[in-house]
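Here the structure comes first, spelled out in structure tokens, and everything after it is commentary.
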Amino acid sequence: MSLPKTLAEDVARNLVMVARLIDEDPEEAYAYARIALRLASRVAAVREAAGFAAYATQKYAEALAEFRAARRMTGSVDLWPVMADCERGLGRPERAMAMAGEPEVQKLDKAGQVEMRLVAAGARRDMGQIDAAIVTLQSPELASNSVQSWTPRLRYAYADALLEAGREDEAREWFGKALEADKDGSTDASDRLAELDGVEFVDVLGDDDPTGADAADEVAPRDEDVSGDRDDEDDVRDDADLDDGQDDEDDDQDGSVTA
């Protein structure tokens, strides 16, 4: 469907913002997607973008509706795996499993088929079928030494399933393989390996920072630590100043923002 030039430009600007923000700020991306949807709801690309924005904010019913609309407009099966994952998000793993057995899966490219396998394994785990999930992930793609875009996630999912099944040694091996393939840091395989090896990460800056709240607590006297009467009013004022400093430091600590 073609749009008037000005309208098309407005829609395109909003879709660009969706793509730019969807990973770092899904809620903001969703807001842009809703604007694009109001402007051009009959454009398949807009419905698809709105679906992914809703999916990123865990609005699974809305995402599924948008994906279905996009599929009706294009006839493509590319959205089949994410539609199945929406069913999982809605607490319907049985429907996701049913979709994994539909003819549409055979029409997917290799990446889509691997994605569908990941969704099916997740659905098995949702239903408490951990051994079946492990078997679902076992495939030529998992065994291959060739690294593709899906390789880190496939190996990671397999390692995670093994760990849930209590097969820790195998899980460690596959987390390691996932890490080897994960050049972009798309998984937290390194952290999972560290956890298995009993490594604890310490915030060194937080512990050593002399301006931190703990250091301030050590410097400023507390009421229960002060005994006896004050010799004069100057001592009282000095203590009050220290308490004010403590409050300022605590306020600074409370006001900090963690990314």
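Miscellaneous remarks
- Averaging 1/r over every pair of different alpha carbons in the stretch 101-172 and inverting the result gives a Kirkwood radius of 12.5 Å.
- Fully extending the segment from Gln148 to Val16, taken as 0.36 nm per residue of separation minus the present Cα-Cα distance, adds 44.9 nm.
- Percent of alpha-carbon pairs separated by more than 17 Å within the stretch 64-132: 38 percent
- Phi-based couplings in Hz for the stretch 101-117 (Karplus 6.51, -1.76, 1.60; Gly and Pro marked x): x, 7, x, 4, 4, 5, 8, 6, 6, 4, 4, x, 5, 5, 4, 5, 5
- Of the residues Asp197, Asp182, ranked by 1.4 Å probe accessible area with the largest first, the sequence reads Asp197, Asp182.
The values are calculated or read from the model by the stated rules, or taken from the named source; none is laboratory data. The shown structure was predicted, so the numbers you read here are calculated from the model rather than taken from an experiment. Calculation scope for accessible area: heavy atoms of the full protein, side chains included, ligands and nucleic acids excluded. Shrake-Rupley method; radii C 1.70, N 1.55, O 1.52, S 1.80 Å.
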